[in-house]
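Below is one structure, written out as structure tokens, with a few remarks after it.
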Amino acid sequence: MIKKIALITGASRGLGAALSERLSETHHIIAVARTVGGLEDLDDRIKSKNGTATLAPMDITNRDAMSQLFTSIFEKWGTIDFWGHTAIHAPPLSPLSTIDLGDLDKTISTNITATALLINFISPIISKEGNALFFDDPCNGKKFFGAYGSSKIAQMSLVQSWANECKNFGPNITVFKPAPMKTALRARFFPGENKENLLSPKSEAKRVLATLFNP
């Protein structure tokens with residue numbers, strides 16, 4: 001039996017890794033992230049479940065690398081059935097009056113420009129019956145969230161435009177607002193938070209995929 005193909009961008013940890021593990025039961029995983037060690041650990045966990053993965057230690061902001069990746073995907077598999085986009089850059093929280101412009105550039109490049117770039121590359125090869133999954137993190141106007149919050153609003157606007165453009169012919173594009181999770185990103189934003197009530201990325205990945213495939 002030929003498995004479906006799932007591309008996970010931001011796969012080395014957190015929700016991206018959890019989605020990869022869960023989907024590896026039914027899909028071959030193409031795992032994209034910058035952290036080689038995290039990808040190798042993910043690969044070990046997938047193999048322990050008798051799943052398979054192709055590791056792609058790449059930066060999604062590198063246009064040449066992304067072009068080569070999608071060319072390779074097309075040449076080897078011809079199509080993608082699922083795309084889960086969890087890659088994100090979250091700059092340190094700070095007042096706008098003291099924002100680091102280098103961090104702002106990286107935030108825009110990762111969260112906005114790379115999202116548009118990936119949509120451009122994936123559109124010709126994702127199955128019309130396939131699924132593209134994105135995650136919202138609304139923090140519009142919250143103090144100290146100026147850079148991150150504005151980049152998420154712009155990212156979601158891109159995704160919504162793509163979704164409206166694809167309504168009549170696919171793929172299916174879904175945006176989820178995940179519950180608060182025990183992730184490195186959340187720990188950076190809320191270092192003193194009581195973590196007892198936070199969900200694990202694995203449990204949230206299970207819920208999200210169940211909702212998506214068994215509505």
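Using heavy-atom solvent-accessible surface (probe 1.4 Å) with all chains present, what is the largest-first order of Asp81, Asp44? Let's see the in-between values first.
Numbers: Asp81 35, Asp44 95 Å².
So the residues, ranked largest to smallest area, are Asp44, Asp81.
For region 6-80, treating each Cα as an identical point scatterer without solvent, what Debye log10 I(q)/I(0) comes out at q = 0.15, 0.19, 0.26 1/Å?
Those come out to -0.44, -0.71, -1.21, one per q.
Assuming 0.36 nm per residue, please report the length gained on full extension of the stretch Asn140 to Thr211 beyond their Cα-Cα distance. Don't jump to the answer; show the numbers that get you there.
Details: separation 71, 0.36 × 71 = 25.56 nm, distance 2.59 nm.
Answer, rounded to one decimal: 23.0 nm.
Quick one: Debye curve from the alpha-carbon atoms of the chain only, equal weights, vacuum; give me log10 I(q)/I(0) at q = 0.15, 0.19 Å⁻¹ to two decimals.
After summing over all Cα pairs, the log10 values are -1.00, -1.61.
Where Rh is the Kirkwood radius over the Cα pairs of region 86-170, the temperature 20 °C and the viscosity 1.002 mPa s, what D in µm²/s does Stokes-Einstein return? Could you put the intermediate results ahead of the total?
Details: Rh = 13.9 Å.
So the translational diffusion coefficient is about 154 µm²/s.
Kindly sort Glu21, Glu193, Glu40, Glu75 by accessible area of their heavy atoms, largest first, with the probe set to 1.4 Å. Intermediate values should be presented prior to the final figure.
Values: Glu21 15, Glu193 55, Glu40 100, Glu75 140 Å².
The ordering from most to least exposed comes out as Glu75, Glu40, Glu193, Glu21.
Answer with one residue from Ala116, Met156, Cys139: the one whose Cα lies farthest towards the positive end of the charge dipole of region 57-215, charges on Cβ with Lys, Arg +1 and Asp, Glu -1.
Cys139
Which listed residue (Asn197, Ser72, Leu15) has the Cα farthest towards the positive end of the charge dipole for the chain, taking +1 on Lys and Arg C-beta and -1 on Asp and Glu C-beta about the Cα centre?
Value computed over the given set: Asn197.
Hey, quick one: spin label on Asn50, modelled 7 Å out along Cα-Cβ, who in region 1-39 has an amide N within reach, i.e. under 13 Å?
Counting only backbone N, you get 1, 25-26.
Convert 20 °C to kelvin, take the viscosity as 1.002 mPa s, use the Kirkwood radius over C-alpha pairs of region 136-215 as Rh, and evaluate the Stokes-Einstein diffusion coefficient in µm²/s, rounded to a whole number.
Numbers: Rh = 14.7 Å.
The estimated diffusion coefficient comes to 146 µm²/s.
What whole-number distance in Å separates the alpha-carbon centres of region 68-128 and region 148-215?
Cα centroid to Cα centroid, the span is 14 Å.
Give me a comma-separated list of calculated 3J(HN,Hα) values for region 175-186, in order, Karplus coefficients 6.51, -1.76, 1.60 applied at θ = phi - 60°, integers in Hz, x for any Gly or Pro.
In residue order, the calculated couplings are 10, 10, 10, x, 5, x, 10, 7, 10, 5, 4, 5 Hz.
Over the Cα atoms, compute the radius of gyration (one decimal) and Dmax (the largest Cα-Cα distance, rounded to a whole number) for region 47-136, in Å.
Cα-based Rg and Dmax for region 47-136 come out at 15.8, 51 Å.
Taking the 0 to 90 degree range and rounding to the nearest ten, how far is the long axis of helix 36-48 tilted relative to the main principal axis of the chain, both from C-alpha atoms?
Around 50 degrees separate the two axes.
Under 10 Å, Cα contacts only: if you run a Gaussian network model on the chain, which one of Thr54, Thr26, Thr98 comes out with the highest mean-square fluctuation?
Thr98
With +1 on each Lys and Arg Cβ and -1 on each Asp and Glu Cβ, how big is the dipole of region 76-213 about its Cα centre, in debye rounded to the nearest 20?
On the way: 15 positive and 11 negative charges, 63 e Å.
Roughly 300 debye, rounded to the nearest 20.
The values are calculated or read from the model by the stated rules, or taken from the named source; none is laboratory data. All figures in this text were calculated on a predicted structure; none of them were measured in a lab. Please note: Cβ atoms are built from the backbone with ideal geometry, for glycine as well, and neighbour counts cover all protein chains shown. We work out accessible area using only protein heavy atoms, side chains counted, and drop any ligands, DNA or RNA first. Shrake-Rupley method; radii C 1.70, N 1.55, O 1.52, S 1.80 Å.
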